[in-house]
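Every number in this text was worked out from the coordinates using simple rules, so none of it is lab data. Quantities reported herein were computed from a predicted structural model and do not represent experimental measurements. Here Cβ is always computed from backbone atoms with ideal geometry, including for glycine, and neighbour counts include all displayed protein chains.
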């Protein structure tokens with residue numbers, strides 16, 4: 001067990017302007033069918049389990065990618081803030097450490113600025129986390145704009 005303070009954590013922050021009200025955009029994060037529309041839609045067979053309440057768990061499992069991301073919601077303040085723990089596990093590999101992710105939603109005209117702050121002791125330069133979030137956030141922007 002590491003002692004607190006002995007691990008260096010860093011935070012990766014990714015923001016996007018997403019069409020829709022904060023409540024609509026928040027729903028895209030906490031309803032499994034909506035999450036499935038933008039998170040990993042290109043990966044067939046991905047399953048989404050979402051129980052968006054403090055202490056509730058989520059699990060996104062992709063057989064195509066051979067990976068699962070899961071965690072527990074620590075703060076669900078609709079439609080302003082969503083916070084959860086984040087554990088990544090490649091099939092057969094050890095789980096990552098427990099990261100924290102905080103998502104904030106801020107109305108900007110007829111869009112919502114969504115900011116993801118992912119804090120981890122395991123971020124590495126070019127480690128894929130920032131690119132991964134950029135990709136899913138781009139899809140989030142596109143998916144909500146195609147909704148009436």
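Taking the square roots of five times each eigenvalue of the Cα gyration tensor of segment 26-83, the equivalent ellipsoid has semi-axes of 21, 13, 7 Å, listed largest first.
Packing-based ranking of 95-107, 54-66 yields 95-107, 54-66, ordered from highest to lowest mean Cβ neighbour count within 10 Å. Each part reduced to its alpha carbon centroid, segment 39-109 and segment 11-30 end up 14 Å apart. Peptides 13-23, 119-129, 38-48 ranked from most to least packed by the mean count of surrounding Cβ atoms within 10 Å: 13-23, 38-48, 119-129.
Taking label points 7 Å from Cα along the Cα-to-Cβ direction, residue 80 and residue 135 give a separation of 3.4 nm. For the chain, the convex hull drawn through the C-alpha positions has a volume of 116 cubic angstrom per residue. Here the sum of -39500 (n - 2.57) over DSSP H runs of 4 or more residues, divided by the residues of the chain, equals -6500 deg cm²/dmol at 222 nm, to the nearest 500.
Normalising by the residue count of the chain, find the relative contact order in percent from Cα pairs under 8 Å and 6+ residues apart.
29
What the Cβ-Cβ distance of residue 124 and residue 90 gives, at R0 = 25 Å and to the nearest 0.05, is a FRET efficiency of 0.95.
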